[in-house]
1. Which residue, of Gly136, Gly152, Gly108, is surrounded by 14 or more Cβ atoms within 10 Å (Cβ to Cβ) and either in contact (Cβ under 8 Å) with a residue 24 or more places away in the chain or over 18 Å from the mean Cα position of the chain (by Cα) (or both)?
2. Check Pro32 against each of (1) over 18 Å from the mean Cα position of the chain (by Cα); (2) under 14 Å from Ile11 (Cα atoms); (3) not in a strand (DSSP E or B) and name the one condition it does not meet.
3. Considering each of Ser25, Ser43 in turn, give the residue that is farther than 15 Å from Leu91 by Cβ and either small (Gly, Ala, Ser) or in contact with a Cys (Cβ under 9 Å, 6 or more places away or on another chain) (or both).
4. Mind checking which residues of the range 37-57 are open to solvent by 20 Å² or more (accessible area, probe 1.4 Å) and either over 16 Å from Leu21 (Cα atoms) or of a type in the set (D, E, K, R) (or both)?
5. Can you spot a residue in the range 154-164 that is among the hydroxyl-bearing types (Ser, Thr, Tyr) and in contact with a Ser or Thr (Cβ under 8 Å, 6 or more places away or on another chain)?
6. Within the range 74-93, identify whether any single residue is buried (at least 20 other Cβ atoms within 10 Å of the Cβ), among the charged types (D, E, K, R) and in contact (Cβ under 8 Å) with a residue 60 or more places away in the chain, and answer yes or no.
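The values are calculated or read from the model by the stated rules, or taken from the named source; none is laboratory data. Small disclaimer: the values here were computed from a predicted structure and weren't measured. Cβ atoms come from the backbone with ideal geometry, glycine included; neighbour counts cover every protein chain shown. Surface areas here come from the heavy atoms of the whole protein model, side chains and all, with no ligands, DNA or RNA. Shrake-Rupley method; radii C 1.70, N 1.55, O 1.52, S 1.80 Å.
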Amino acid sequence: MNQQSKVSVVIPFYNCPYVHLAVESVLAQTYPDIELIVVDDGSTLHAEKLAPFMDKIVYIRKTNGGTASALNRGIQAASGAYFAWLSADDLFHPDKIERQMITLAQTGTSFNHTAYYYINEHGERVSEVVRVLITGRSEMIATMMKGCPVNGSSVLLDMDIFRKVGLFNERFLYTQDYDLWLRILPHYEWSYIEEPLLDYRIHKEMGSVIHNEAQTREIEVVQARHNGVLARLLRKERGQ
């Protein structure tokens with residue numbers, strides 16, 4: 001393996017009781033060249049769960065600034081050619097990174113995302129496969145203008161993307177992923193794996209539950225920010 005095939009996985013961590021499980025799911029990957037960066041965003045709880053893994057991870061502690069700031073800190077410290085994000089309460093399936101790297105090579109794309117399952121607090125799957133049922137680029141653009149079906153923890157992308165469109169916008173506390181995907185969409189082709197390669201945990205302490213109203217308002221801001229560009233892109237894709 002060489003530097004051009006290394007994948008840097010960033011786990012932003014803030015008081016999450018499941019973080020050790022997330023770390024274990026990355027360390028269990030079948031892909032051989034992974035750098036795991038855990039960015040502790042000023043946690044006051046559960047940091048001791050990382051103690052057994054300190055010789056296997058890059059651990060960065062910073063003052064609390066939100067998920068986007070933690071992701072950006074991890075990206076800036078990363079040495080890999082590819083980036084994946086895993087929320088501290090979610091789990092990669094063992095072959096996730098390997099499957100995505102193969103798909104990027106086969107499709108010539110720079111951005112990949114996958115289907116996933118919902119799991120509960122106990123790690124039990126509580127859903128059928130959650131898929132993005134979209135055929136073609138124009139349909140994806142139209143869908144992204146209305147909402148974000150892309151699960152951030154399912155994404156693998158080429159680090160060169162950040163050099164073109166910038167990092168996560170730290171002003172967005174809940175929709176930093178949606179904003180970034182909308183910045184990426186006009187410039188890059190995406191690929192998708194219909195098989196679930198992620199377990200996405202639903203629990204009462206997750207940010208999208210606690211901050212639902214603020215998240216809804218922020219979604220509207222993000223859409224207003226990008227819909228002009230996306231509308232023009234959609235017309236071009238449809239030959240209008």
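1. Values: Gly136 fails: surrounded by 14 or more Cβ atoms within 10 Å (Cβ to Cβ); Gly108 fails: surrounded by 14 or more Cβ atoms within 10 Å (Cβ to Cβ).
Unique residue meeting the criteria: Gly152.
2. Pro32 satisfies every listed condition except (2).
3. Going through Ser25, Ser43 in turn, the sole match is Ser43.
4. Thr44, Glu48, Lys49, Asp55, Lys56, listed by residue number.
5. Pass one, the range 154-164, residues among the hydroxyl-bearing types (Ser, Thr, Tyr): 154.
Restricting the remaining residues to those that are in contact with a Ser or Thr (Cβ under 8 Å, 6 or more places away or on another chain) gives 154.
Yes, the conditions are met somewhere in the range 154-164.
6. So far as the range 74-93 goes, yes, one or more of its residues are buried (at least 20 other Cβ atoms within 10 Å of the Cβ), among the charged types (D, E, K, R) and in contact (Cβ under 8 Å) with a residue 60 or more places away in the chain.
Table: residues versus (1) in contact (Cβ under 8 Å) with a residue 60 or more places away in the chain; (2) touching a helix residue (DSSP H, G or I) at 6+ places or on another chain (Cβ under 7 Å); (3) part of a loop (DSSP other than H, G, I, E, B).
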residue: Gln4; (1), (2), (3): yes, no, no
residue: Pro12; (1), (2), (3): yes, yes, no
residue: Asn15; (1), (2), (3): no, no, yes
residue: Leu21; (1), (2), (3): yes, no, no
residue: Leu36; (1), (2), (3): no, yes, no
residue: Thr44; (1), (2), (3): no, no, yes
residue: Leu50; (1), (2), (3): no, yes, no
residue: Ile60; (1), (2), (3): no, yes, no
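Yes/no matrix, rows are residues, columns are (1) touching a Phe, Trp or Tyr at 6+ places or on another chain (Cβ under 8 Å); (2) open to solvent by 20 Å² or more (accessible area, probe 1.4 Å); (3) closer than 19 Å to Asn112 by Cβ:
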position: Cys16; (1), (2), (3): no, no, no
position: Val19; (1), (2), (3): yes, no, no
position: Thr30; (1), (2), (3): no, yes, yes
position: Ile34; (1), (2), (3): no, yes, yes
